[in-house]
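A short write-up of the structure that comes next.
The values are calculated or read from the model by the stated rules, or taken from the named source; none is laboratory data. Because the structure is predicted, anything quoted here is derived from the model rather than measured. So basically every Cβ, Gly included, is an ideal-geometry build from the backbone, and we count neighbours across all protein chains shown.
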Amino acid sequence: MDAAALALVALVVFGWGLFSVRLGRADLSAPIVFVTVGLLFAEALHVLELTPSQEAVRVLAELTLVWVLFADASRVGVREFRADLGLYTRLLAVGLPLTIAAGALLASWLFDGLGVWLVLLIGAALAPTDAALGAAVMSDPKVPERVRRVLNVESGLNDGIATPVVTVAIAGAAAAESSHSGVGPGAALLDLAIGAAAGMVIGLAGGVAMRQARRRGWMSEDFAGPGVLALAVLAYTATLWLDGNGFVAAFVAGLAFGNTAGRGGAREVFYVEQTAGLVSLLTWLLFGAVAVPVVLAHADWQVVVYAVLSLTVVRMVPVALVLIGTGLPARTVAFIGWFGPRGLASIIFALIALEDLHAGAERAVAVIGMTVLLSVFGHGLSAKPLANRYADPLVPAPGSGPETELPVRGLLHRHPGAGTRPPGPEPGR
């Protein structure tokens with residue numbers, strides 16, 4: 001990428017900063033804008049000739065996901081997490097496996113010759129959700145806070161939970177379905193346990209240390225934000241060094257940090273959100289410029305049909321099944337079911353598969369990429385209209401209790417000083 005291309009990218013980022021609210025009112029989310037810009041720059045205007053290595057793109061995407069997972073989790077108070085533990089258990093322990101199984105079965109039916117491991121890869125890679133693609137939902141007070149929090153926590157945790165399944169699928173495909181891949185269910189569960197434990201230790205230690213340093217006047221406020229940024233990376237990389245699940249570690253570390261760092265931690269996490277917002281914009285631009293042309297070249301009716309069914313039936317039916325008996329109205333269940341966008345995690349899984357399996361994964365990667373592309377536009381354009389029409393009589397309305405601003409993965413945030421109090425854990429948590 002030459003200086004002129006970099007200047008154009010910088011101009012687009014600055015322009016988004018200037019007009020993000022107006023564009024949001026027009027139902028244009030950041031992923032929609034930057035995927036479109038990346039595609040136009042690379043294919044229509046030919047001003048971007050991007051040839052980044054797969055490893056470079058993967059590192060950028062992984063860093064983005066680590067920071068947004070950490071920031072998302074830091075906004076979840078333990079009291080609220082406990083209050084809806086039953087819903088999270090249903091969605092993650094039952095709904096997510098059902099979604100993976102349904103996605104794999106659909107892929108097996110539509111795509112002959114892929115093999116059991118690649119259809120499992122497709123099902124697992126497209127099971128995690130990304131709340132950022134429905135940013136208008138997460139920031140709209142007309143949608144009850146409880147519903148937004150459920151969508152946010154589900155989005156934060158299911159990335160890491162699906163990772164071991166994706167790892168098993170890639171290892172199985174690479175070993176040509178042999179029994180010598182060295183990866184199995186026991187190893188996957190161990191990865192999760194190591195990730196949760198490492199994330200808890202690092203998050204608690206970091207939160208307590210920062211709170212004490214702030215209280216004693218040892219910490220410079222100017223460098224606190226970058227320090228928390230490094231803490232999130234530490235949780236991820238240290239867990240990888242321990243052969244654990246780094247994405248689960250990042251989320252658990254953020255949860256622990258947010259509930260131990262005190263009120264000042266909200267300002268520090270805001271820096272992480274801003275940084276994650278920037279790199280996520282670049283990730284979506286690269287997706288539009290590098291991945292979308294490849295996806296469109298490999299697209300056929302089967303790929304498109306799978307993508308549509310993945311975003312609707314494969315997601316919404318398992319959600320409806322696991323929420324039976326919760327007392328939630330049908331429109332709330334449908335709302336939660338529809339707002340399961342596919343985003344950064346699915347892109348990362350596709351990149352990992354392409355790097356490890358090369359041409360053998362091209363068909364599966366095209367399916368994943370098409371689903372993400374349709375999700376960017378489908379969920380982005382429907383978020384605001386559906387949020388405006390939403391009202392759940394069984395969930396407390398805005399203003400009936402303490403309202404916590406939920407994160408939108410760095411894309412549409414207020415500055416902590418703009419409200420009556422900083423977003424994040426309430427006093428005394």
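Taking region 358-367 as the region of interest, how many residues are under 21 Å from VAL59 (Cβ atoms) and at pLDDT below 80? Before you say what the answer is, go through the steps one by one.
Applying the first criterion (under 21 Å from VAL59 (Cβ atoms)) to region 358-367 yields 358, 361, 365.
If we keep only those that are at pLDDT below 80 too, we end up with 358.
Residues in region 358-367 being under 21 Å from VAL59 (Cβ atoms) and at pLDDT below 80: 1 in total.
Sort out which residues of region 130-162 are not in a helix (DSSP H, G or I) and not acidic (Asp, Glu), and write them in order of number.
Going through region 130-162, the residues not in a helix (DSSP H, G or I) turn out to be 130, 140-144.
PRO141, LYS142, VAL143, PRO144 - these are the residues of region 130-162 that are not in a helix (DSSP H, G or I) and not acidic (Asp, Glu).
So, ALA261, is that one farther than 28 Å from VAL165 by Cα, of a type in the set (Gly, Ala, Ser), crowded, with 23+ Cβ neighbours inside 10 Å and in contact with a Lys or Arg (Cβ under 7 Å, 6 or more places away or on another chain) or not? Before the answer, list the steps.
Values: farther than 28 Å from VAL165 by Cα: yes; of a type in the set (Gly, Ala, Ser): yes; crowded, with 23+ Cβ neighbours inside 10 Å: yes; in contact with a Lys or Arg (Cβ under 7 Å, 6 or more places away or on another chain): yes.
Yes, satisfied.
Tell me yes or no: at least one residue of region 208-216 is modelled with pLDDT of 90 or more, under 30 Å from THR167 (Cα atoms) and surrounded by fewer than 18 Cβ atoms within 10 Å (Cβ to Cβ).
Step one: of region 208-216, the residues modelled with pLDDT of 90 or more are 208-209.
So of that shortlist, the ones also under 30 Å from THR167 (Cα atoms) come out as none.
No, there is no match, as no residue in region 208-216 is modelled with pLDDT of 90 or more, under 30 Å from THR167 (Cα atoms) and surrounded by fewer than 18 Cβ atoms within 10 Å (Cβ to Cβ).
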Residue count for region 216-239, restricted to those that are β-branched (Val, Ile, Thr) and more than 16 Å from ALA276 (Cβ to Cβ): 2
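Find the residue count for region 20-31, including only residues that are surrounded by 14 or more Cβ atoms within 10 Å (Cβ to Cβ) and part of a helix (DSSP H, G or I).
Kept after step one, since they are surrounded by 14 or more Cβ atoms within 10 Å (Cβ to Cβ), are these residues of region 20-31: 20, 23-24, 27-31.
Checking which are part of a helix (DSSP H, G or I) leaves us with 20, 23-24, 30-31.
Qualifying residue count, region 20-31: 5.
Tell me, which residue of region 129-148 that is of a type outside the set (S, T, N, Q) and within 14 Å of the chain's Cα centre (by Cα) is farthest from LEU344 (Cα to Cα)?
Filtering region 129-148 down to residues of a type outside the set (S, T, N, Q) leaves 130-138, 140-148.
If we keep only those that are within 14 Å of the chain's Cα centre (by Cα) too, we end up with 130-135, 138.
Working: ASP130: 7, ALA131: 10, ALA132: 9, LEU133: 10, GLY134: 13, ALA135: 14, MET138: 17 Å.
Across region 129-148, the extreme among qualifying residues is MET138.
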Taking only pairs six or more apart or across chains, which ones have beta-carbon atoms under 6 Å, a first residue in region 201-212 that is within 17 Å of THR239 (Cβ to Cβ), and a second residue that is in a helix (DSSP H, G or I) and among the small types (Gly, Ala, Ser)? ILE202/ALA235; ILE202/ALA253; GLY203/ALA253; GLY203/ALA256; LEU204/ALA256
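Evaluate the following for GLY195: is it modelled with pLDDT of 85 or more, within 25 Å of VAL228 (Cβ to Cβ), assigned to a helix (DSSP H, G or I) and within 19 Å of the chain's Cα centre (by Cα)? So that I can check it myself, show each step before the final result.
Details: modelled with pLDDT of 85 or more: yes; within 25 Å of VAL228 (Cβ to Cβ): yes; assigned to a helix (DSSP H, G or I): yes; within 19 Å of the chain's Cα centre (by Cα): yes.
In short, yes.
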Return the only residue of ARG58, ARG75 being farther than 17 Å from TYR236 by Cα, at pLDDT below 75, touching a helix residue (DSSP H, G or I) at 6+ places or on another chain (Cβ under 7 Å) and surrounded by 17 or more Cβ atoms within 10 Å (Cβ to Cβ). ARG75
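From the list ALA132, ALA102, ALA125, which residue is buried (at least 19 other Cβ atoms within 10 Å of the Cβ), in contact with a Pro (Cβ under 8 Å, 6 or more places away or on another chain), within 20 Å of VAL376 (Cα to Cα) and not polar (S, T, N, Q)? Don't jump to the end; show me each part of the working.
On the way: ALA102 fails: within 20 Å of VAL376 (Cα to Cα); ALA125 fails: in contact with a Pro (Cβ under 8 Å, 6 or more places away or on another chain).
None of the others qualify; the one that does is ALA132.
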